[in-house]
């Protein structure tokens, strides 16, 4: 496996872990509502960005 492919695989693993953690944070927040309702936009934005980055990386990997 080439170095670029290994780096891409490592990057995808990290992005997937971040997206999964963001999803769990959003889920946990939803279960605590209405406590911490002020954090909804912050947590949702972080989750959206994590998943957008993951999808972009997956598309780039598929193009290679």
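Relative to the dominant Cα principal axis of the chain, helix 40-63 is inclined by about 20°.
I'd like the FRET efficiency for residue 9 and residue 52, computed as 1/(1 + (r/R0)^6) with the beta carbon distance as r and R0 of 22 Å, rounded to 0.05. Could you put the intermediate results ahead of the total?
Values: r = 20 Å, r/R0 = 0.89.
Once rounded, the FRET efficiency stands at 0.65.
Normalising the average separation of contacting C-alpha pairs (under 8 angstrom, six or more residues apart) by the number of residues puts the relative contact order of the chain at 44 percent.
Values in this text are rule-based calculations from the coordinates and carry no lab data. This one's a predicted model, so the numbers in the text were calculated from it and none came from an experiment. No Cβ is skipped: glycine too gets one built from the backbone with ideal geometry, and neighbour counts run over all protein chains shown.
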